[in-house]
Amino acid sequence: MTATESAIREFLVNEVLYDREVKDLKPEDPLITRGLLDSLSILKTVTFCEERFGISIPDQEVLPDHFESVRAIAALVDRRRAGS
């Protein structure tokens, strides 16, 4: 697991999914299809990523595919950090 994936996973487990049994959440586990993330929790995750990683995530990048797993969110963050 990358450092970006670890930070995102820790945020999700402790701040978003704190009331669920997801301590064994893996980077590739589905978040939306399992009903773990909804629109509000996606917005919280966007805010966290923008603040934690010093990036901006434009509205057109806030797509279900980009938030389907910890790994997908980390890939989005890495793309934004790279400037694309």
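Assorted remarks:
- Evaluation of Leu36 against (1) part of a loop (DSSP other than H, G, I, E, B); (2) under 18 Å from Met1 (Cβ atoms); (3) in contact with a Phe, Trp or Tyr (Cβ under 7 Å, 6 or more places away or on another chain); (4) among the aliphatic types (A, V, I, L, M) (one fails), failing number: (3)
- Cβ pairs under 9 Å, 6+ apart, first in region 47-73 and without any contact (Cβ under 8 Å) to a residue 12 or more places away in the chain, second of a type in the set (Gly, Ala, Ser): Glu50/Ser56; Asp65/Ala72; His66/Ala72; His66/Ala75
- Subset of region 72-84 (residues that are over 12 Å from Leu37 (Cβ atoms) and either surrounded by fewer than 18 Cβ atoms within 10 Å (Cβ to Cβ) or β-branched (Val, Ile, Thr) (or both)): Ala75, Val77, Asp78, Arg79, Arg81, Ala82, Gly83, Ser84
- Scan of region 1-33 for residues that are over 17 Å from Asp78 (Cα atoms), touching a residue at least 12 places away in the same chain (Cβ under 8 Å) and not in a helix (DSSP H, G or I), ordered by number: Leu17, Arg20, Val22, Leu25, Lys26, Asp29, Pro30, Leu31, Ile32, Thr33
Read-outs: derived from the displayed coordinates by stated rules, not from any lab. Because the structure is predicted, anything quoted here is derived from the model rather than measured. A quick note on method: Cβ atoms are made from the backbone with ideal geometry, for glycine too, and the neighbour counts reach across all protein chains shown.
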